[in-house]
């Protein structure tokens, strides 16, 4: 499976993508957005194992992991995991040097259409409300904020949870996605 957009190639993740995934996670770990996502191990063996698991489900419908490539360079990934009632949860992550260039919007727009063609009844995504670029992206794609929740991935020096407001955004088919 391969989708080509104006600038990008989107394909299933392969085992050979582990070094690119590691670079993506290293980039994000050094950004202001790191506090809003689960920490990802960047140990070579851990990354190899995780990406091998992602690659192993290629062609399945429960879990789908897509590499987003600019030429031969994997700059990000998008994951869909089936949840309740045929709806999928989407997650995405891009190297920080690729933020603000429209790559996430371009790839997600193509993948949302692909998911719709596969028969998904809806897609939802969670993001920190303080992650303004992600909130704006989801809104532009037609997602609507449905609920909020308190989320924590990290603890402070005293062992207390560092809590932020997370938003659950939903896109239901039948509603037109926005450009």
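The values are calculated or read from the model by the stated rules, or taken from the named source; none is laboratory data. Just so we're clear, the structure is a prediction, and the values are computed from it rather than from any experiment. With ideal geometry, Cβ positions are generated from the backbone for all residues, glycine too; neighbour counts draw on all protein chains shown.
Some notes on this structure:
- The residue that is surrounded by the fewest Cβ atoms within 10 Å (Cβ to Cβ), among those in the stretch 129-140 that are at pLDDT 95 or above and in contact with a strand residue (DSSP E or B) (Cβ under 7 Å, 6 or more places away or on another chain), is 129.
- In the set (1) out of contact with any helix residue (DSSP H, G or I) (no Cβ under 7 Å at 6 or more places or on another chain); (2) over 23 Å from residue 55 (Cα atoms); (3) surrounded by fewer than 20 Cβ atoms within 10 Å (Cβ to Cβ), the condition left unmet by residue 143 is number (3).
- Scanning the stretch 112-122 for residues that are out of contact with any helix residue (DSSP H, G or I) (no Cβ under 7 Å at 6 or more places or on another chain) and surrounded by 15 or more Cβ atoms within 10 Å (Cβ to Cβ) yields a total of 5.
- Complete set of residues in the stretch 13-23 that are under 20 Å from residue 80 (Cβ atoms) and either touching a strand residue (DSSP E or B) at 6+ places or on another chain (Cβ under 6 Å) or surrounded by fewer than 17 Cβ atoms within 10 Å (Cβ to Cβ) (or both): 13, 14, 15, 17, 20
- Every test in (1) in contact (Cβ under 8 Å) with a residue 60 or more places away in the chain; (2) in a strand (DSSP E or B) is passed by residue 111 save one, and that test is (2).
- Contact map, the stretch 80-98: first residue without any contact (Cβ under 8 Å) to a residue 12 or more places away in the chain, second residue assigned to a strand (DSSP E or B), Cβ cut-off under 8 Å, separation 6 or more or different chains; the map is empty.
- Complete set of residues in the stretch 165-179 that are more than 17 Å from the chain's Cα centre (by Cα), on the phi < 0 side of the Ramachandran plot and either loosely packed, with under 15 Cβ neighbours inside 10 Å or at pLDDT 90 or above (or both): 165, 172, 175, 176, 178, 179
- Here residue 75 meets the list (1) modelled with pLDDT of 95 or more; (2) closer than 25 Å to residue 122 by Cα almost entirely, failing just condition (2).
- All positions within the stretch 42-60 that are in contact with a strand residue (DSSP E or B) (Cβ under 8 Å, 6 or more places away or on another chain), touching a residue at least 24 places away in the same chain (Cβ under 8 Å) and either under 11 Å from residue 24 (Cβ atoms) or surrounded by 13 or more Cβ atoms within 10 Å (Cβ to Cβ) (or both): 54, 55, 58
- Among the residues of the stretch 105-122, those that are farther than 16 Å from residue 89 by Cβ and within 14 Å of the chain's Cα centre (by Cα) comprise 105, 106, 107, 109, 110.
- Among all positions in the stretch 156-164, there is at least one residue which is assigned to a strand (DSSP E or B), free of Cβ contacts under 8 Å to residues at least 12 places away in the same chain, touching a strand residue (DSSP E or B) at 6+ places or on another chain (Cβ under 6 Å) and surrounded by fewer than 15 Cβ atoms within 10 Å (Cβ to Cβ).
- Verdict on residue 125 being modelled with pLDDT of 95 or more, in a strand (DSSP E or B), surrounded by 11 or more Cβ atoms within 10 Å (Cβ to Cβ) and within 17 Å of the chain's Cα centre (by Cα): yes
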